[in-house]
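Accompanying notes for the structure given below.
FYI, it's all coordinate maths here, none of it is from the lab. Computed from a predicted model, the values in this text were never measured in an experiment. As a convention, Cβ positions derive from the backbone with ideal geometry for all residues, glycine included, and neighbour counts pool all protein chains shown.
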Amino acid sequence: MTTPPFAGAQNLTLLTTKLYIPPPRPDPSTGLRTRLVERSRLAKRLDEGLRLDHRLTLFSAPAGFGKTTLLSEWVAGCDRPVA
């Protein structure tokens with residue numbers, strides 16, 4: 001007999017921080033929003049997905065590669081609802 005894949009899932013806790021869009025990071029020296037690494041090519045691809053009316057974009061990269069930073073900066077300049 002095998003265990004169902006989500007057995008015991010009722011005991012998992014959802015982190016509420018996962019329900020909010022993080023704000024862009026401020027520059028510690030000025031307090032202003034700044035980009036640590038320019039990712040204009042990726043931002044253009046996100047814009048292109050909107051233009052083509054794509055409903056979902058999947059990001060996949062190892063921890064620390066800037067996924068959250070890219071998205072929070074892009075969302076800050078986007079006038080559409082995001083989740």
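Key figures
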quantity: Simple Cβ-charge dipole of region 37-78, Lys/Arg +1 and Asp/Glu -1, about Cα centre, in debye nearest 20; calculated: 100
quantity: Region 40-45 - phi-based ³J(HN,Hα) in whole Hz, Karplus 6.51/-1.76/1.60, Gly and Pro as x; calculated: 4, 5, 5, 4, 5, 5
quantity: Summed side-chain charge close to L52 - residues other than L52 whose Cβ falls under 13 Å, Lys, Arg +1, Asp, Glu -1; calculated: +1
